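One structure is given here, and the rest of the page talks about it.
The values are calculated or read from the model by the stated rules, or taken from the named source; none is laboratory data. Remember, it's a predicted structure, so these values are computed and weren't measured experimentally. Quick reminder, even Gly has a Cβ in these numbers, built from the backbone with ideal geometry, and neighbours come from all protein chains shown.
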Amino acid sequence: MSLLLPFPAGAPVLRPATVLELEATVAELDGIPTGTLMERAGAAAFVVLRQRWPQAKRLVVVCGRGNNAGDGYVLARLGHDAGLQVSVLQLLGERKDSGDAARALARLPVTPHAFEPGLLADADVIVDALFGIGLRGHPNAAASTVIAAINASHKPVLALDIPSGLDAETGAGASTAVHATVTTTFIARKPGLLTGRAIEAVGDLHCCALDLPASSLATAHAVAEHLALADLRTRLPHRRRASHKGDHGHVLVIGGAAGMGGAARLAGEAALRSGAGLVSVYCHRDYQSGLLAARPELMVTGFDGAPDGAALTPLVQRADVLVVGPGLSTAGWAGPLLEALIHTGKPLLLDADGLNALAHRPATSTPLPQLILTPHPGEAGRLLGISTAEVEVDRYAAANALQARYGGVIVLKGAGTIVTDGERTSVIAGGNPGMASGGMGDVLAGVIGALRGQGFSAYDAARLGVALHAWAGDQAVAKRGGERGLLASDLFEFFSAGLQPG
């Protein structure tokens, strides 16, 4: 069965080049000059600044060249007109401003000064208007010095459109970019703002559409959508009053080899808490009685040493979806077991050691459309034969490469988890650093497996599962009052509430 839910679209994510094309189209077809958009951008950012720092009296606006500097000039003028003490510092170079930026500079009521680090000391807020979304590659030495000085000031920073030094396409360069407190981006979210280490540079993200016509925005090609649980739960279906456990999917968790029984337990209980009608666990016999005692709703079958095909076959036949890998181990039998499970044709989610087994399949193997893969960056690197660092340089490219090689749906975990099926991509908002603890991935595997078993398509199960997992993590931190010491099982109590139709 498939629910084929008409989930609403999330916020569109546009490539930098698409945004620039859209600005030109709006100027030509809708009669909105680019200078008007610059005025709107500076005004929108100033509103964000005043809302976030209402007591701020002294602004230092650091400008480079081009339209991003123009946005900064507009904000500086508005700040001066509002009675704030405003200083404008310029990164000087051979190229002079022209067009809209030059006109914004001409209207500036204060005299800009050449950048000096000491001039940042008196700022209540620093405004970063050095580079916009057109920057690719690394800033030059002079710009890098300015960025380092901004970060070393330890002042609140508002970045205009994107933190300077960050690649708007990929999010690369986060370690050497401006680390903003707040980023106000314009027209639409850009891919590089939303995932991986870039999130640390972006800070709190605001998106201001600048009152562009909805018809023009609708024509722009979005490379992804930015989603949180609130965007999805409004269309969750109500259960029929006469439904029974068989209507809500039977999940089989295969894992929990010697020394790793907790992983299977976490995945199994997460599936139960996420609404699966039935959950079976196939794990090492040492954990069978413990799992049943701790969670009697689980149906647990044990194996000695290695899984027994004769015992496993009827369990697989009864299941609607297989979650393979939590605590599976990398023993020699893992590869043949995975191959046998793949050939059952059952919907299959691979996590942890299931992914490690997949990485050893021949490179010529045919992609598998029934798969959901949930790698963290290290596992993604092993699957692609590259380093973790290479994965993190461009997480979108890595997710797409995984999908092209293995098929199905890819869930590239981490801050700003990416979900793609090769045709559609979602970046999931939410979650927190407290979730960087053992067992969180096992819980996510159980959640997604449960949703897949309940009839959601693989793509919808993955993105809804990631959004629910992130939201529950945030709820758990709010309840506990802090991120440190968060346990994977702390999320369980929030799953039911998170899956109530909005």
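Do any helices (runs of 4 or more DSSP H) entirely within segment 386-476 hold 1 or more residues that are among the basic types (Lys, Arg), and if so, which? Let's see the steps before the verdict.
Numbers: elements: 388-393, 395-406, 440-453.
Helices (runs of 4 or more DSSP H) meeting the threshold: 395-406, 440-453.
List every residue pair whose Cβ atoms sit under 7 Å apart, with the two residues 6 or more apart in sequence or on different chains, where the first one lies in segment 283-296 and is without any contact (Cβ under 8 Å) to a residue 24 or more places away in the chain and the second, anywhere, is hydroxyl-bearing (Ser, Thr, Tyr).
Close Cβ pairs (under 7 Å, with a partner that is hydroxyl-bearing (Ser, Thr, Tyr)) do not exist here.
Any residue at all in segment 398-410 that's among the hydroxyl-bearing types (Ser, Thr, Tyr), buried (at least 18 other Cβ atoms within 10 Å of the Cβ) and more than 14 Å from the chain's Cα centre (by Cα)? Steps first, answer last, please.
Residues of segment 398-410 that are among the hydroxyl-bearing types (Ser, Thr, Tyr), as a first pass: 406.
Restricting the remaining residues to those that are buried (at least 18 other Cβ atoms within 10 Å of the Cβ) gives 406.
Now narrow it down to the ones that are more than 14 Å from the chain's Cα centre (by Cα): 406.
For segment 398-410, residues among the hydroxyl-bearing types (Ser, Thr, Tyr), buried (at least 18 other Cβ atoms within 10 Å of the Cβ) and more than 14 Å from the chain's Cα centre (by Cα): present.
Do we have any residue at all in segment 162-183 that's under 19 Å from ALA129 (Cβ atoms), assigned to a strand (DSSP E or B) and over 18 Å from the mean Cα position of the chain (by Cα)?
Taking every residue of segment 162-183 in turn, none turns out to be under 19 Å from ALA129 (Cβ atoms), assigned to a strand (DSSP E or B) and over 18 Å from the mean Cα position of the chain (by Cα).
May I ask you to say which residue of GLY453, GLY465, GLY498 is more than 21 Å from GLY407 (Cβ to Cβ) and of a type outside the set (Ser, Thr, Tyr)?
Matching residue, one of GLY453, GLY465, GLY498: GLY498.
Residues GLN55, GLN85, GLN90: which one is in contact (Cβ under 8 Å) with a residue 12 or more places away in the chain, within 21 Å of ALA141 (Cα to Cα) and among the polar types (S, T, N, Q)?
After ruling out the rest, the residue left standing is GLN90.
Pairs only if they're at least six apart or on different chains, beta carbon under 7 angstrom, first in segment 377-392 and among the acidic types (Asp, Glu), second part of a helix (DSSP H, G or I); list them, first residue then second.
GLU379/LEU355; GLU390/GLY381; GLU392/PRO377
Check whether at least one residue in segment 222-235 is closer than 19 Å to VAL466 by Cβ, modelled with pLDDT of 95 or more, assigned to a loop (DSSP other than H, G, I, E, B) and among the β-branched types (Val, Ile, Thr), and report yes or no.
Yes, because at least one residue in segment 222-235 is closer than 19 Å to VAL466 by Cβ, modelled with pLDDT of 95 or more, assigned to a loop (DSSP other than H, G, I, E, B) and among the β-branched types (Val, Ile, Thr).
For segment 221-232, what are the residues that are crowded, with 18+ Cβ neighbours inside 10 Å and within 21 Å of THR18 (Cα to Cα)?
Scanning segment 221-232 gives ALA222, ALA224, GLU225, HIS226, LEU227.
Given the options LEU120, LEU193, LEU205, name the one that is free of Cβ contacts under 8 Å to residues at least 40 places away in the same chain, hydrophobic (A, V, I, L, M, F, W, C) and crowded, with 20+ Cβ neighbours inside 10 Å.
From the options LEU120, LEU193, LEU205, the qualifying one is LEU193.
Scan segment 245-252 and give yes if some residue there is within 30 Å of ALA276 (Cα to Cα), among the β-branched types (Val, Ile, Thr) and in a strand (DSSP E or B), otherwise no.
Our first condition is that a residue be within 30 Å of ALA276 (Cα to Cα); within segment 245-252, this holds for 245-252.
Filter again for among the β-branched types (Val, Ile, Thr), leaving 251.
Retained after the next criterion (residues that are in a strand (DSSP E or B)): 251.
Yes, some residue in segment 245-252 is within 30 Å of ALA276 (Cα to Cα), among the β-branched types (Val, Ile, Thr) and in a strand (DSSP E or B).
Out of segment 158-182, which residues are polar (S, T, N, Q) and either at pLDDT below 95 or surrounded by fewer than 24 Cβ atoms within 10 Å (Cβ to Cβ) (or both)?
To start, the set of residues in segment 158-182 that are polar (S, T, N, Q) comprises 164, 170, 175-176, 181.
Correct list: THR170, SER175, THR176, THR181.
Being of a type in the set (Val, Ile, Thr) and loosely packed, with under 15 Cβ neighbours inside 10 Å is the filter; apply it to segment 300-342 and report the residue that is farthest from GLY441 (Cα to Cα).
THR313
What are the residue pairs meeting all of these: first residue in segment 160-181, first residue assigned by TED's automatic domain parsing to the domain that holds TRP53 and more than 24 Å from THR18 (Cα to Cα), second residue crowded, with 21+ Cβ neighbours inside 10 Å and at pLDDT below 95, Cβ atoms under 8 Å, and 6 or more apart or on different chains?
Sorted first by the residue in segment 160-181, then by its partner, the pairs are THR176/PRO139.
Regarding ALA258, is this residue farther than 15 Å from ARG452 by Cβ, touching a residue at least 60 places away in the same chain (Cβ under 8 Å) and aliphatic (A, V, I, L, M)?
Against the criterion (farther than 15 Å from ARG452 by Cβ, touching a residue at least 60 places away in the same chain (Cβ under 8 Å) and aliphatic (A, V, I, L, M)), ALA258 qualifies.
Only one of these conditions is not met by LEU212: (1) assigned to a helix (DSSP H, G or I); (2) in the same structural domain as GLU28 (by TED's automatic domain parsing). Which number is it?
LEU212 satisfies all of (1) assigned to a helix (DSSP H, G or I); (2) in the same structural domain as GLU28 (by TED's automatic domain parsing) except (1).
Looking at VAL466, VAL443 in this structure, which one is modelled with pLDDT of 95 or more, surrounded by 20 or more Cβ atoms within 10 Å (Cβ to Cβ) and touching a His at 6+ places or on another chain (Cβ under 8 Å)?
Unique residue meeting the criteria: VAL443.
Answer with yes or no whether GLY268 is modelled with pLDDT under 95, within 23 Å of GLY438 (Cα to Cα), assigned by TED's automatic domain parsing to the domain that holds PRO347 and not in a strand (DSSP E or B). Explain how you work it out, then say what you get.
Details: modelled with pLDDT under 95: no; within 23 Å of GLY438 (Cα to Cα): yes; assigned by TED's automatic domain parsing to the domain that holds PRO347: yes; not in a strand (DSSP E or B): yes.
No; evaluated as a whole, the condition is false for this residue.
If a residue must be charged (D, E, K, R) and over 29 Å from the mean Cα position of the chain (by Cα), how many such residues does segment 310-331 contain?
Of the residues in that region, 1 qualify.
Take ALA123 and tell me if it is modelled with pLDDT of 95 or more, out of contact with any Phe, Trp or Tyr (no Cβ under 7 Å at 6 or more places or on another chain) and in a loop (DSSP other than H, G, I, E, B).
Yes; evaluated as a whole, the condition is true for this residue.
So which residues in segment 132-150 are surrounded by 22 or more Cβ atoms within 10 Å (Cβ to Cβ) and touching a helix residue (DSSP H, G or I) at 6+ places or on another chain (Cβ under 6 Å), if there are any at all?
Once the filter is applied, which keeps residues that are surrounded by 22 or more Cβ atoms within 10 Å (Cβ to Cβ) and touching a helix residue (DSSP H, G or I) at 6+ places or on another chain (Cβ under 6 Å), segment 132-150 yields GLY132, ILE133.
Taking the options GLY277, GLY256, name whichever one is in contact with a strand residue (DSSP E or B) (Cβ under 9 Å, 6 or more places away or on another chain), surrounded by 23 or more Cβ atoms within 10 Å (Cβ to Cβ) and not hydrophobic (A, V, I, L, M, F, W, C).
Result: GLY256 is the single residue among GLY277, GLY256 that is in contact with a strand residue (DSSP E or B) (Cβ under 9 Å, 6 or more places away or on another chain), surrounded by 23 or more Cβ atoms within 10 Å (Cβ to Cβ) and not hydrophobic (A, V, I, L, M, F, W, C).
Give me the pairs: first residue in segment 393-405 and touching a residue at least 60 places away in the same chain (Cβ under 8 Å), second residue of a type in the set (A, V, I, L, M) and surrounded by 21 or more Cβ atoms within 10 Å (Cβ to Cβ), beta-carbon distance under 6 Å, and six or more apart or on different chains, which are they?
Sorted first by the residue in segment 393-405, then by its partner, the pairs are VAL393/ALA172; ARG395/LEU412; ARG395/ILE418.
Go through (1) within 21 Å of SER426 (Cβ to Cβ); (2) out of contact with any strand residue (DSSP E or B) (no Cβ under 8 Å at 6 or more places or on another chain) and name the single condition LEU371 misses.
(2)
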